[in-house]
Each structure stands twice: as C-alpha cells, then as structure tokens.
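What follows is one structure encoded as structure tokens, with my remarks underneath.
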Amino acid sequence: METLLADRTQNMGISAIREILKVASQPGVISLAGGLPAAKAFPTSILQDLIERVFEKYGSLALQYDCTEGFAPLRQALAAHLSEKKGLCASQDDVLIATGSQGVLDALGKILISRGDRVAVEAPTYLGAIQAFNPYGPEYVSLETDGEGLIPESLEEAIDQGPLKLVYLVPTFQNPTGRTLSVARRAHLADIIQSHEILVVEDDPYSDLRYEGGSVPPLQLFVPEQVVYVGTLSKIFAPGLRIGYCLAPKKVRQWLILAKQGVDLHTGTLSQALAAEYLVGGYLEEHLPRILECYRPRRKAMLDALDAGLSDSFQWSRPEGGMFVWLEGPPDLEMDRVYEEAVKLGVAVVPGKYFFTDPDRGGNTLRLNFSMPDVLSIKHAVGILTGLLRQQVGNTKVTSSIRSSGNPYPHLVRDVISHHGADFKSYISDIVMSQPGVVRK
Ligand SMILES: Cc1ncc(COP(=O)(O)O)c(C=O)c1O
C-alpha cells in the first residue's frame with residue numbers, strides 16, 4: 001500500500017489536535033480545547049423561514065448544479081456585506097465562493113506552492129492552514145509576534161533572507177492567540193507589502209465576533225492588489241453549511257476557480273442559497289447580536305477566572321473578540337504535562353506547541369477556547385486548570401494559602417466530585433496533599 005501513495009502524502013501527518021479533540025469529546029470532560037461555535041449560537045429558529053424563502057425565490061435552482069465561482073445572489077450579497085461592514089470595495093464578480101474558508105486555503109496552496117517554496121506564517125499560526133499547505137511541500141518561515149500580533153520588522157527580515165512565495169496571516173482575533181494586529185502595524189505592514197512583490201493571505205474568520213472595542217480595517221483595504229481576503233460564514237451562521245469565500249486579485253482568482261473546479265465543481269447550491277437569504281433577508285443583522293451575547297459572558301468568565309487564579313508568572317491575551325485566549329507560562333513549564341494532568345481532572349486544553357511550525361517552540365503555551373463551554377463550565381474548568389498550573393510552578397500564592405487553610409481547593413474537590421464522580425476524589429486529594437505545607441491529618 002505504501003508504494004501506491006503519492007510523495008506528497010509524506011507531508012500529511014495526522015493532526016495531534018484531532019486526537020486531543022477526541023479526548024475532549026469524552027463524556028464528563030469540559031473542553032476548552034476545540035474551536036467550535038456553541039450550538040446555542042446557531043440560528044435554528046429561522047431556518048424554516050429561510051428554507052421557505054429559498055424555494056419561493058429560486059425553486060429547483062437551489063438544488064441544481066451551479067457555476068464554480070458561486071451562486072450569483074450570494075456573491076452579490078457578500079459583495080454588499082463586505083463593502084458595508086468592512087469598507088472593502090468588491091463587486092459580485094470579485095467574490096469567489098468556496099467550501100469553507102478551508103477550501104480557499106487548500107486552493108491557494110495548490111496554485112501557489114511548489115516544493116521548497118518559502119511560506120511565511122505567524123508564530124504561532126492556524127493549524128488548518130499548515131495542513132492545507134503541507135501537501136505542496138513548503139518551507140515555513142516563522143514571523144515573530146507579540147501582544148499586538150505580527151511584528152512587521154519580522155516580515156522585512158524574512159524578505160531580506162530570500163523570496164517569499166506567500167505570507168499567511170490571521171490579523172484579527174487570531175486563532176490560536178486571540179490577538180489583533182493594531183491599525184498602526186497594519187499600515188506599516190501594508191508599506192512593506194507594497195514595496196515588495198509578495199502575496200499575502202488575510203484569513204479573517206473572526207472579525208465579526210467583536211465583544212468590545214472599535215473595529216479595525218482589513219489589511220486588504222490597504223493593498224488590494226496584493227492581498228487575498230478570506231472570509232467565512234462558519235462563525236456567524238453555521239459551519240455545517242460550509243460557506244467560505246475570498247476576494248482575490250484577478251489573476252489569482254482565475255487560478256483559484258480552476259483549482260476548485262477539479263475538487264468539487266462548486267460549493268453546495270442549497271447552502272449558498274440559504275446563506276444568500278440569511279444576508280439579504282436581514283437575518284444576520286438580527287442574529288449576530290445574539291451570537292455576541294452568547295460569547296461575551298463566556299469570554300469574561302474565562303478572563304476573570306484566569307485573573308483570579310494565576311499570578312505574574314503567567315501571561316494571557318485579553319482578546320476583544322473571537323474565540324480564543326492564549327496562555328503563556330514561565331519558559332520551562334511543560335504544558336504537555338499540564339494537558340495530561342488536566343484531562344485526568346476532566347478538563348481538555350490544547351498545548352500551544354502544536355500551532356508553531358518550528359517544533360522546538362511554544363512548549364510553555366496553551367490555547368483556551370471560550371465559545372463552546374457555558375459560563376459555569378468555564379469557571380469550573382479554568383479553576384481546575386489554574387490550580388494545576390500553580391501546582392506546576394510552585395506558586396507562592398498557593399503555598400501560602402495552603403499553609404493557612406490546609407486545603408486550598410475545597411471548592412475544586414467538591415465541584416469535581418459532583419461533576420465527575422467519586423473516582424476523582426482520591427486523585428484531587430493526592431494533588432492537594434502533595435503541596436508543600438499541607439499536613440495529612
Ligand atoms: C483561522 C481560521 N481559518 C480558517 C478556518 C476554517 O473555517 P471554515 O472552513 O469553517 O470556513 C478556521 C476554523 O476554525 C480558522 O480558525
């Protein structure tokens with residue numbers, strides 16, 4: 001069998017995160033690991049309406065083959081949405097519909113990347129992009145980031161070291177860090193892009209999920225001729241419909257269409273027609289605030305629980321939107337171990353190292369998702385997690401509370417037992433009793 005496989009399969013490893021997500025979906029485990037929208041955020045109550053409208057308007061066309069570029073009413077609706085909400089100048093012809101934004105990433109890899117091409121990505125970056133690009137054998141160049149997102153000078157350095165085929169960025173509420181590239185940095189980056197012949201992919205699935213603060217302009221607005229803007233309805237409608245899209249410079253778009261044609265001819269017409277009605281019928285306008293109301297308190301619960309549970313040895317992002325918080329511990333802290341211990345206590349997280357293209361980085365980081373679990377679960381899970389983290393670094397705050405109370409985790413023991421059953425009791429007791437200063441009575 002091995003001999004039948006194409007060489008490119010050698011670059012298509014099993015995603016460690018998929019394995020973690022299997023663990024995370026076990027009964028009794030609270031998952032901060034995934035990146036899924038909450039089922040509660042889906043507009044299920046309006047679907048019946050949408051379906052009726054679609055068949056009234058389009059009849060059997062909604063079930064027919066359609067053109068590769070996408071269902072015309074959806075392309076038109078998205079062009080209007082993008083210019084109204086994001087200031088992007090797009091006509092219907094500029095919009096290409098894809099099967100999820102993942103479909104655009106795959107097509108970009110296919111048409112742009114040859115073996116050994118240098119592709120620059122943020123460190124850390126979205127793992128799905130790496131999976132999409134890997135079969136084409138790129139050589140990754142890590143771009144440095146800080147609390148404001150990508151450091152523009154890092155891109156300049158990468159360019160100085162040799163030609164870049166592609167730069168892949170998630171500038172707003174990034175997955176995995178939740179960070180947003182500041183407006184000043186966007187302008188600086190645009191200057192760098194303009195003065196070099198490079199193509200940038202701006203992957204933007206999260207910018208509509210803003211819980212506070214003012215919006216930032218897409219990078220594409222600064223340099224439309226060199227930026228492929230990639231969007232999706234997965235986070236603001238439903239990921240199961242698989243509606244992604246892009247605005248790309250004309251030459252790139254033509255190739256993307258050819259690449260897509262060979263894969264699926266076109267994205268499902270019924271999904272596209274539903275999406276078109278979701279936009280033009282004013283449903284998105286009505287439903288988006290509900291999605292934000294669902295996630296806003298979850299984000300707050302996570303940040304509050306981190307504030308309450310961790311000391312200065314840890315740092316975490318405070319995203320104004322999106323679905324993720326990024327947590328960094330002291331350099332020698334191994335989050336792999338934290339992951340293993342957390343799972344035993346019924347909490348799943350993703351070690352951040354998986355989001356780096358360089359295998360030696362990110363060992364002290366974690367990605368935490370707040371869109372999926374409800375507020376109570378977040379408080380409970382982050383309480384357990386911060387307890388473990390403090391234990392790992394021998395935090396003084398914990399040590400002193402142990403000395404004074406004998407058991408710093410009474411609520412944790414009680415909660416875990418009520419959530420997961422008595423089996424965990426002895427496990428938790430062992431953790432508590434192993435703390436310095438705790439005396440077994
Ligand atoms: C940064 C980023 N890009 C792309 C995707 C893919 O989204 P979809 O294919 O559902 O549009 C995701 C999914 O979570 C993501 O986080």
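Summary table
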quantity: Criterion (assigned to a helix (DSSP H, G or I), of a type in the set (S, T, Y), over 23 Å from K260 (Cα atoms) and not assigned by TED's automatic domain parsing to the domain that holds R299) met by exactly one of S142, S154; calculated: S154
quantity: Residue within region 301-316 that is touching a Lys or Arg at 6+ places or on another chain (Cβ under 7 Å), assigned to a strand (DSSP E or B) and surrounded by 20 or more Cβ atoms within 10 Å (Cβ to Cβ) present; calculated: no
quantity: Of residues in region 333-351 being in contact with a helix residue (DSSP H, G or I) (Cβ under 9 Å, 6 or more places away or on another chain) and not hydrophobic (A, V, I, L, M, F, W, C), the one surrounded by the most Cβ atoms within 10 Å (Cβ to Cβ); calculated: P351
quantity: Enumeration of residues in region 117-132 that are over 10 Å from Y168 (Cα atoms) and out of contact with any strand residue (DSSP E or B) (no Cβ under 6 Å at 6 or more places or on another chain); calculated: D117, P124, L127, G128, Q131, A132
quantity: From L164, L127, residue being within 25 Å of L256 (Cα to Cα), surrounded by fewer than 23 Cβ atoms within 10 Å (Cβ to Cβ) and at pLDDT below 95; calculated: L127
quantity: Lone qualifier among A77, A39, A16, A24 - being buried (at least 19 other Cβ atoms within 10 Å of the Cβ) and either without any contact (Cβ under 8 Å) to a residue 40 or more places away in the chain or not assigned by TED's automatic domain parsing to the domain that holds S207 (or both); calculated: A24
quantity: Looking only at region 81-104, and only at residues there that are surrounded by fewer than 16 Cβ atoms within 10 Å (Cβ to Cβ) and more than 19 Å from K251 (Cβ to Cβ), the one that is nearest to the ligand (Cβ to nearest atom); calculated: K85
quantity: Verdict on I193 being assigned to a loop (DSSP other than H, G, I, E, B) and surrounded by 19 or more Cβ atoms within 10 Å (Cβ to Cβ); calculated: no
quantity: Condition broken by P171, with the remaining ones in (1) surrounded by fewer than 20 Cβ atoms within 10 Å (Cβ to Cβ); (2) within 12 Å of the ligand (Cβ to nearest atom) satisfied; calculated: (1)
quantity: Any hit, region 119-131, residues being more than 26 Å from L82 (Cβ to Cβ) and in contact with a His (Cβ under 7 Å, 6 or more places away or on another chain); calculated: no
quantity: From V228, V223, residue being away from the ligand (no atom under 16 Å from the Cβ) and of a type in the set (V, I, T); calculated: V223
quantity: Every residue from region 253-278 that is within 29 Å of Y211 (Cβ to Cβ) and either among the charged types (D, E, K, R) or not assigned by TED's automatic domain parsing to the domain that holds D66 (or both); calculated: E277
quantity: Residue check, E334 within 21 Å of the chain's Cα centre (by Cα), farther than 19 Å from S31 by Cα, assigned by TED's automatic domain parsing to the domain that holds L21 and not basic (K, R); calculated: no
quantity: Matching option when the condition is among the hydrophobic types (A, V, I, L, M, F, W, C) and within 15 Å of the ligand (Cβ to nearest atom), among F324, F314; calculated: F324
quantity: Single unsatisfied condition, T180 versus (1) in contact with a helix residue (DSSP H, G or I) (Cβ under 8 Å, 6 or more places away or on another chain); (2) of a type in the set (S, T, Y); (3) within 14 Å of the ligand (Cβ to nearest atom); calculated: (1)
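The values are calculated or read from the model by the stated rules, or taken from the named source; none is laboratory data. Only a predicted model underlies this, so the values are computations on that prediction, with no experimental measurement involved. FYI the Cβ positions are ideal-geometry reconstructions off the backbone, even for glycines, and counts take in every protein chain you see.
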